Structures are given as structure tokens and as C-alpha cells.
1. Is it true that Leu89 is part of a helix (DSSP H, G or I), out of contact with any strand residue (DSSP E or B) (no Cβ under 6 Å at 6 or more places or on another chain), touching a residue at least 24 places away in the same chain (Cβ under 8 Å) and under 30 Å from His113 (Cβ atoms)?
2. Scanning the range 67-86 for residues that are out of contact with any helix residue (DSSP H, G or I) (no Cβ under 9 Å at 6 or more places or on another chain) and surrounded by 10 or more Cβ atoms within 10 Å (Cβ to Cβ), which turns out nearest to Trp184 (Cα to Cα)?
3. Applying the selection to the range 109-127, what residues are assigned to a loop (DSSP other than H, G, I, E, B) and closer than 16 Å to Tyr173 by Cβ?
4. From (1) surrounded by fewer than 12 Cβ atoms within 10 Å (Cβ to Cβ); (2) over 15 Å from the mean Cα position of the chain (by Cα), pick out the condition that doesn't hold for Asp110.
5. Residue check, Thr23 against (1) within 30 Å of Gln117 (Cα to Cα); (2) polar (S, T, N, Q); (3) in a loop (DSSP other than H, G, I, E, B), all met but one. Which one?
6. Out of (1) farther than 30 Å from Thr83 by Cβ; (2) open to solvent by less than 70 Å² (accessible area, probe 1.4 Å); (3) touching a helix residue (DSSP H, G or I) at 6+ places or on another chain (Cβ under 9 Å); (4) hydrophobic (A, V, I, L, M, F, W, C), what's the single condition that is false for Phe22?
7. Can you go through Glu104, Glu143, Glu92, Glu132 and tell me which one is touching a Lys or Arg at 6+ places or on another chain (Cβ under 9 Å) and modelled with pLDDT under 85?
8. Taking Leu64, is it open to solvent by 40 Å² or more (accessible area, probe 1.4 Å) and of a type in the set (A, V, I, L, M)?
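The values are calculated or read from the model by the stated rules, or taken from the named source; none is laboratory data. Just so you know, these numbers come straight off a predicted model, no measurement behind them. Cβ coordinates were reconstructed from backbone atoms using ideal geometry, including for glycine residues, and neighbour counts include every protein chain displayed. Note: areas computed on protein heavy atoms with side chains; ligands, DNA, RNA excluded. Shrake-Rupley method; radii C 1.70, N 1.55, O 1.52, S 1.80 Å.
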Amino acid sequence: MVEPVAPDILPRELSARQFVDFTRGGPLAGAMLASAVAGLPPAPPLPDPIPKRPDVPSSYLGDLRDRVRAPVLSLEEQIHLITELRLRLDLERERQAVVTLLRELQQRRDLCHATWQLLDPLLKDVRGESSEPAPPGDERPAEAGPVSGPATPPGPDQGLVTSTHRTPPPGWYPDPSGRHQLRWFWNGCWTRQASDQGKVVDDPHF
């Protein structure tokens, strides 16, 4: 046993086994492990002929990558992806790759608003909001007074970067046309992708 486990919740085939506690290492644990290995029965002979060498198993994260990059993702599929990726954030060796996939998911043009509400705070927590630009509404000149209403990103003809204003990051913001609840802002411009109650619609007349 290299990590603490609760034998009571292990499968029956494992819970009935005799454990050698190796969670802390040390000479005593090493001696107990050596003794247990020495007491194992001899291995059975290899089959003849030898079975074909198995294929290299595909990466679990590779499967998630393919799903993140699928041409179309429903709201349910997007939420399932966030749930699976969030669970793997605690694995140090996979953390950076998982963050990359979460950011790719956030950049999708068909990202649902309900998904964005789960994804945005998760990524903010990961990066600690240290190096990313602030969203609209949090940005204003140092000498500016209180903001009286909700801010929206500039339109395509107002996307110039100045010393006091920056183009907001891609994301869902209140629809400036008023025809829909939200509209996707991408690369300094409003797009045809709009959202109503979490459902993405195409608005070709925008």
C-alpha cells in the first residue's frame, strides 16, 4: 500500500488481501515488502506461443482533447467535459494540460452561457487572476469615477487600444442590439453568435 486507502470500500478481491503498509517507507517497511515478495508462489510458465504485443494505450487526456475540439458540442456535452477536466486538475502531472483544454473549451464559438458560468470562475481560480486582463466593467481609468451601469465591450469600430482602455477578452456579454440576452465577443468584434437562456442561436442580421 503506497497511499492510504480504506479497505472497507475496496473491491472484494482486494479487501481480503494482506496489506504491506509502505506509505511511509523506511527500513521496516522495506523488510516487510521484501518478505512478502519472497513469499509469493513461483510465476506460472509463459504461454506458448507468446500473445501478440498489445497496442500502446491511448492517452485519457487525448480523448478529452478530441472531445473539446469536436465540431459541435451540446450544452450537456460541454458540462460533462468541464466536470471531467475539473476532477483532473488535482493531478499535478496533468494540471497544465487540463488548464490548456479548459481554455480551448472557453474559446469555442458554440460555448453556452450556462457552461461559461461554470468555466469562467474555474479558470479565474486556476490563474489567480494575476496575468489575465480584467473583464469589462472592472476596467476603467484610474481617474474615473463610479460606473453607473453595466459596461459592454466596444463595437468593431471602437476596438482601438489606448492607454486607458483595452479590448476585452473573448466571452459572452449583454447583447448591445437588445435582440438577445447575450452575444459572443471575439477578436475585438461582436459576432453572429447570440444566446438566450443558455441556448446558442445564430443571428445573421446582426
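1. Numbers: part of a helix (DSSP H, G or I): no; out of contact with any strand residue (DSSP E or B) (no Cβ under 6 Å at 6 or more places or on another chain): yes; touching a residue at least 24 places away in the same chain (Cβ under 8 Å): yes; under 30 Å from His113 (Cβ atoms): yes.
No.
2. Taking the range 67-86 and keeping what is out of contact with any helix residue (DSSP H, G or I) (no Cβ under 9 Å at 6 or more places or on another chain), we get 71-72, 74, 76.
Applying the additional criterion that residues be surrounded by 10 or more Cβ atoms within 10 Å (Cβ to Cβ) yields 74, 76.
On the way: Ser74: 17, Glu76: 19 Å.
My answer is Ser74.
3. We begin by selecting, within the range 109-127, every residue assigned to a loop (DSSP other than H, G, I, E, B); these are 109-112.
If the condition is that a residue be assigned to a loop (DSSP other than H, G, I, E, B) and closer than 16 Å to Tyr173 by Cβ, then Arg109, Leu111, Cys112 are the ones that fit.
4. Here Asp110 clears every test but (1).
5. All conditions pass for Thr23, except number (1).
6. The one condition Phe22 does not meet is (2).
7. Numbers: Glu104 fails: modelled with pLDDT under 85; Glu143 fails: touching a Lys or Arg at 6+ places or on another chain (Cβ under 9 Å); Glu92 fails: touching a Lys or Arg at 6+ places or on another chain (Cβ under 9 Å).
Within the list Glu104, Glu143, Glu92, Glu132, the selection yields Glu132.
8. Numbers: open to solvent by 40 Å² or more (accessible area, probe 1.4 Å): no; of a type in the set (A, V, I, L, M): yes.
Criteria not met by Leu64.
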